[in-house]
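Taking it in order: structure first as structure tokens, then the write-up.
The values are calculated or read from the model by the stated rules, or taken from the named source; none is laboratory data. All values reported here derive from a predicted model rather than from experimental measurement. Backbone-built Cβ (ideal geometry, glycine too); neighbour counts: all protein chains shown.
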């Protein structure tokens with residue numbers, strides 16, 4: 001499949017985005033008026049300390065949380081204005097999620113775990129094709145307990161991409177992995193971006209990951225501290241941390 005040429009178009013437009021948890025003196029200001037355009041087809045890396053707002057932003061973009069104020073649009077459609085049914089449809093059609101913990105069903109094989117998602121998608125890959133894309137064709141009939149941590153995370157990625165989402169949202173996808181295994185997982189994400197044109201947004205504490213990104217956003221105290229664009233990107237297997 002040829003990559004989709006969406007690089008010049010913002011897939012997300014975010015303006016004055018604010019998220020407050022709690023009230024009064026106990027209120028936590030997770031996002032403080034964030035403005036950001038995210039071009040389609042890129043790899044975007046979000047860096048910053050714990051509590052800086054990265055995961056809150058990702059959850060809002062993924063339709064898992066709602067802002068307290070401000071706007072977030074996907075392809076010029078307001079996520080804020082969507083009701084719960086519309087958000088569910090948005091997640092089903094457009095968003096794949098990858099988390100630090102793999103959340104695989106232990107009683108199902110790798111292929112069956114991927115099939116859980118492909119069964120509900122409009123235009124899914126077959127589990128075989130999705131597992132082949134992450135280099136696990138030969139492990140399709142293995143259960144999670146028979147797979148290494150890196151292999152389990154690659155199954156989780158295959159599950160996320162089987163429905164061919166527009167966006168892949170990754171929250172610390174290498175957080176539970178050693179550096180060698182982490183690079184192999186990041187290489188898979190890079191391949192998905194290059195081959196399918198999927199927009200990939202990665203939260204990470206591994207600062208070296210920024211070298212593989214098209215665009216890097218640094219967060220601090222609920223605000224964007226810095227945005228920079230890489231003129232060249234390293235292959236993920238060249239990263240060192």
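Points to keep in mind about this one:
- Meets criteria (at pLDDT 95 or above and not in a loop (DSSP other than H, G, I, E, B)) for residue 185: no
- When restricted to residues that are in a loop (DSSP other than H, G, I, E, B) and more than 22 Å from residue 193 (Cα to Cα), region 31-75 contains 11.
- Any hit, region 18-25, residues being touching a strand residue (DSSP E or B) at 6+ places or on another chain (Cβ under 6 Å), surrounded by 20 or more Cβ atoms within 10 Å (Cβ to Cβ) and closer than 28 Å to residue 231 by Cβ: no
- Any hit, region 19-36, residues being touching a residue at least 12 places away in the same chain (Cβ under 8 Å) and closer than 27 Å to residue 156 by Cα: no
- Filtered residues of region 65-90 (kept if under 25 Å from residue 116 (Cα atoms) and at pLDDT below 95): 88, 89
- Positions within region 83-120 being buried (at least 19 other Cβ atoms within 10 Å of the Cβ), out of contact with any strand residue (DSSP E or B) (no Cβ under 9 Å at 6 or more places or on another chain) and not in a helix (DSSP H, G or I), in sequence order: 102, 104, 109
- Residue selected from region 165-182 under the condition touching a helix residue (DSSP H, G or I) at 6+ places or on another chain (Cβ under 7 Å) and not in a strand (DSSP E or B), by the criterion modelled with the lowest pLDDT: 176
- The residues of region 65-82 that are surrounded by 13 or more Cβ atoms within 10 Å (Cβ to Cβ), farther than 15 Å from residue 18 by Cα and touching a strand residue (DSSP E or B) at 6+ places or on another chain (Cβ under 8 Å), listed by number, are 74, 75.
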